[in-house]
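I have placed the structure first, in the form of structure tokens, so that the comments after it can refer back to it.
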Amino acid sequence: MFDIAVACLVLTAVLAYFNHRFIGLPTTIGVMTIALVLSLVIVGLDRLGISALHDYEVSFLAAIDFSDVLMEGMLSLLLFAGALHVDLGSLSEFRWSVGLLAIAGTVSSAAIIGFGLWHLLPLTGIPLPLPYCLIFGALISPTDPVAVMGIMKSAGAPKNLEVVIMGESLFNDGIGVVLFSILLGFLAGNTPPTLTDGILLIIREAGGGILFGLTLGSLTYIMLKSIDNYQVEVLITLAAVMGGYALASRLHVSGPLAMVVTGLFIGNHGRRLAMSDRTRENLDTFWELIDEILNMLLFMLIGLEVILISFSVNLLIAIQIVIVLTLLARLFTVGMPTGLFGEQFRLPRGSWKVLTWGGLRGGISVALALSLPHGPAREVVLALTYSVVIFSILGQGLTIGSLARKVVPAHRAG
């Protein structure tokens, strides 16, 4: 496993250097793009009879449990690092907007995509059982905070819009994982879901995750406030995140939501009341590095994973349908509410466009798809998920910045 970790780190560093030196795309997108192109070249060589590189990459990826690496390793660190720099005061001003978009928006989107896919996919000759359609809706509906926050930080959008889209992406991720777990549990148990069971599971997973995050954040805050040693304090936050996420899994509460709440708590109360200037500076530097490095590793792996997908003409048609369906679901569940009730959401005119097009999907969706039980349905879901993620990051990710900047003049004029 150590050799694999070293190989991933070295490859990511080389791709990041090549992108920075010759291409100039945003680092994570550039790393993923180069890895994607390399994988496609290797696939092409394999079709020509040169299969050594193809066989090596397949065996290399087979040795990496992408779902386990992300969901049990990277995710806790990425969510905490992302939440650490979110202003809780600003977020609380938009708590109803964020809550509505994160909870109602994610659940509604999952239903629209799931039932829409169930009706449309047979037209392509690729039928998919309804449970898997709903599972796909659940895993693809939440926006990826890793992808969203990296883009919004450099987009120059109005602050209130940035707070809403970042807050939504942090919380809808946890809601999506809970919804996915519920549907997968019903699928595995061969029992039809009931509304009562679903509500109870959501209360336990989501509510329990939030309460656990508050408890963990409070204990970490007490420890940080009682000492002044930046090395030890950085270590405490790292231990709280990794140990807390593992404990949340054992307690069967939402680890992602727990990490978001812990990050918000430490990033606001902890930074202001429990840290010296020196500790604050070193803590920020450490978590920014963790965030950047893990982002690059994650997007590099996403780029390589394309080699595992078997595409066909029917599947390519289905992919186009699904991309349009996910965008429409995002428009109906997020864009339209903010467009119709913009004054109540206190967002500048045109924000609905940014919120709709800025619904970027990322590695979390791929990891959830990879965690499905093996079978033909899993392969279809994985191919659709991977294609939506690639379109989202390359198509939406490279254009959302310019779209967000166009909102600024209108905001200032108003």
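The values are calculated or read from the model by the stated rules, or taken from the named source; none is laboratory data. Since the model is a prediction, treat every value here as computed from it, not as a measurement. In this analysis, Cβ positions are derived from the backbone assuming ideal geometry, glycine residues included, and neighbour counts consider all displayed protein chains.
Taking K406 and the conditions (1) of a type outside the set (G, A, S); (2) without any contact (Cβ under 8 Å) to a residue 60 or more places away in the chain; (3) more than 15 Å from E162 (Cα to Cα), which numbered condition does it fall short on, given that it satisfies the others?
(3)
Say we look at the stretch 218-244 and pick out the residues that are within 20 Å of V86 (Cα to Cα) and hydroxyl-bearing (S, T, Y); which of these is nearest to the chain's Cα centre (by Cα)?
In this case the residue turns out to be T237.
May I ask you to say which residue of G167, G137, G176 is under 19 Å from the mean Cα position of the chain (by Cα), more than 26 Å from F115 (Cβ to Cβ), surrounded by 24 or more Cβ atoms within 10 Å (Cβ to Cβ) and modelled with pLDDT of 85 or more? Can you show your working first?
On the way: G137 fails: more than 26 Å from F115 (Cβ to Cβ); G176 fails: more than 26 Å from F115 (Cβ to Cβ).
Unique residue meeting the criteria: G167.
Restricting attention to the stretch 77-126, report how many residues are in contact with a Pro (Cβ under 8 Å, 6 or more places away or on another chain) and either polar (S, T, N, Q) or assigned to a loop (DSSP other than H, G, I, E, B) (or both).
Within the stretch 77-126, residues that are in contact with a Pro (Cβ under 8 Å, 6 or more places away or on another chain) and either polar (S, T, N, Q) or assigned to a loop (DSSP other than H, G, I, E, B) (or both) number 1.
Of all residues in the stretch 92-119, which are modelled with pLDDT under 90 and more than 19 Å from the chain's Cα centre (by Cα)?
S92, E93, F94, R95, W96, S97
Taking into account only those residues within the stretch 240-299 that are polar (S, T, N, Q) and in contact (Cβ under 8 Å) with a residue 24 or more places away in the chain, which is surrounded by the most Cβ atoms within 10 Å (Cβ to Cβ)?
Restricting to residues being polar (S, T, N, Q) and in contact (Cβ under 8 Å) with a residue 24 or more places away in the chain, the top hit is T262.
Identify all residues within the stretch 327-369 that are assigned to a loop (DSSP other than H, G, I, E, B) and of a type outside the set (D, E, K, R); write none if there are none.
F341, L347, P348, G350, G358, G359, L360, G362
Can you tell me which condition A16 does not meet? The list is (1) under 27 Å from A240 (Cβ atoms); (2) part of a helix (DSSP H, G or I); (3) touching a residue at least 24 places away in the same chain (Cβ under 8 Å), and all the others hold.
Every listed condition holds for A16 apart from (1).
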